[in-house]
Structure formats: structure tokens, C-alpha cells
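Worksheet: one structure, shown below.
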Amino acid sequence: MRSTRALILLLAGIAVAGCSASSGLESVLPPSPEITNAIRPTKPVPTAGVAARDVGFAAEAEEEVVPGAEPPAAVGDFQANALVPPAKPTTLAVMVPDKPAAREAAPKAGTIYRRRFRDAKPINFGSSTPHQLAVHGVDVSRWQGEVDWVKLRSQGANFAYIKATDGGDHLDPMFRKNWRAAKAAGLKRGAYHFFYWCRTAGEQADWFIRNVPKEPGALPPVIDVEWNGESSCKRRPSPAKVREKMQVFMDKLEAHYGQRPIIYTAPDFHADNLEGAFPNHPFWLRAVARHPSKVYPGRKWVFWQYSGSGLSHGVSGRIDLNVFHGTEREWHRWVADKT
């Protein structure tokens, strides 16, 4: 009995020593660098495609839910020395990586998407807010960089005007890519030309026609007329000469595309040159502080550019926001008539 008791005490002492040694080794090991699905970030991950500098989405990002399964049970929840499998083997399913998220479906053609844009510099337009109108869109150029057109459309870009040319020799380097991608995403899109006052109107029209395809379904072309203080061309023709050059350019485009061009302009240029002119042409008016009826009294319009500081998923930085002057039904009728 004594020898048996001594043997038991000896074995117990060896076991205790072994446990102490193991505990001491664990304390000096560095923590595991692995990050598993059981460890979530303290803040939600922003939606892909939104630039970090787009602070207008900070509040929205805080409300997003991080995708992923429920965290797996911690190691301490299992019996370390169990020699039999757990009663419910299905609990091991948490060890399998999550399936990749389904690819975002392209918006349906013809569908009008509700406006979901933000604005870095929101304006209170009062009762005449553009938000009351149904069909919103954007205009873009090289300065918007790479555009995710599918995502941009889902945010409320139902149409887009894309910078194509200016002067008689400049093509926007993003035009062709934007032209194809916007159509593939289901947007109604058209092209615009920035008019250069130191070049003949005929040359500029030929340059636009050379670079912008004549396609069924495209929106009418746009002539962008305004004073540009940053341009190398400082010439400001007389109002009569301005209108003459515009007429030559628009006549050539209408003969080629079979659509009457839309005139885009800003308040100062309109006041200097276009009061009462071109009553039979559609107008696209820039008015980012007040309703067009107050900025351009008596001028009928089709599109209103109401912001130059829009923010949206699908594009980095700021983007111009526009709206069609009419209901959703009137939009479909106008598009059908123009295209």
C-alpha cells in the first residue's frame, strides 16, 4: 500500500510539473496573426466603389452591416480532451469560408430609378426643389475618372450627357469608354461639345460628327456655350456673331443626326447673348442656387443642372446633377419622340 501510494504521488507530481512547463511556454509565444470571420472590425467596411474622401457618405457607411456568417465558437467552447466527435457535427460548418457575394445585377432597361444622390453643398430650393421631379441624371467628362455605370444608374442616374469634344481638335480621352459603358448599363445617353470661340463653327461641327457615332436611341447632341475664363481663347464675339456661329454648328449637327441640338448654357452667357434667342431649340440650364424660372425668366427648358457638387456611389469625387422637366410618363414620351 505504501509503495502504491508513493507511486501515485510521484506520477501526480510529474503531471503538475508538465502543466506548469506548458503554461510557461504559452505565455512567451506571440499572438496569432490570423484574422478570422469571428473577429469583426470595430467599424463597418465602406461599400466598394466609394472613395474614402467622399465624406458625404460617412453617415451612411456607419449604418451598413458587414457581410459574413455568425462568428464561430471560440476554441474554449470545446472539450479539449474529448475523444469522441461532438454531438452535432453540423456546428463545424462555420469553418467553411463564406460563399462570394452574388454579382450585382445590371439595372433593367427602361426602369426609372429613384434619386439617391448626396450633395457636398446642398441648396434649399424651397417649394421648387428639383427633388420633386421624377427623372434625374448626370453629366460627366474625363474629370470623373473611372465610372461604375451600373452602380451609378442604380443610384438614380437615368440619363447621362458625356463630354465628347471641344474646339476642332480635342476629344475627351474617356468619351469612347463612357459612351459604351453607359449604354451597357441601360442609361439613355447623349454627347456634348464645348464650343470654342476662336475656331470656326463648321470645323467644330465636323470634328464632333467625326467622333460621335450616329446611333439609334441616343439623346440629341448638346452644344455647350459659356464664357470660360480658363480657356486660352479670350475672344468674346458680339451677341449677333455668337448666335450666328451657334446656328451654323447646330444646323450641321441637325442635318447629320436628324435631331435638333440642345443648348446648354450658364446665367451670365445667357444674359449676354441668348435672351429671347432660339425659341424653337430645347435648353439645358445651369442654376445651382435658384430655380431656372428665377434665373432665366421666360425661358422654357428641358434639363436643369441643379448641382455641381453631387456625390454618388459609382463615381469618385463630385459630379454634376441634372433633372428632366416633366413626369416619368412625359420623359418616356420625350425620349421616344427624340430617339
Practice item. Might you let me know whether the stretch 331-338 holds any residue that is part of a loop (DSSP other than H, G, I, E, B), within 19 Å of residue 114 (Cα to Cα) and in contact (Cβ under 8 Å) with a residue 12 or more places away in the chain? Key: no
Check your understanding: Can you tell me how many residues in the stretch 236-289 are assigned to a strand (DSSP E or B), closer than 19 Å to residue 167 by Cβ and open to solvent by 10 Å² or more (accessible area, probe 1.4 Å)?
Key -> 1
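Residues checked against (1) among the small types (Gly, Ala, Ser); (2) open to solvent by less than 40 Å² (accessible area, probe 1.4 Å); (3) modelled with pLDDT of 95 or more:
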| site | (1), (2), (3) |
| --- | --- |
| 88 | no, no, no |
| 142 | no, no, yes |
| 160 | yes, yes, yes |
| 173 | no, no, yes |
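The values are calculated or read from the model by the stated rules, or taken from the named source; none is laboratory data. Computed from a prediction, not measured in an experiment: that's the story for all the values here. Positions of Cβ are backbone-derived with ideal geometry, glycine not excepted, and every protein chain shown enters the neighbour counts. Just so you know, the surface numbers come from the protein's heavy atoms only, side chains and all, with ligands and any DNA or RNA stripped out. Shrake-Rupley method; radii C 1.70, N 1.55, O 1.52, S 1.80 Å.
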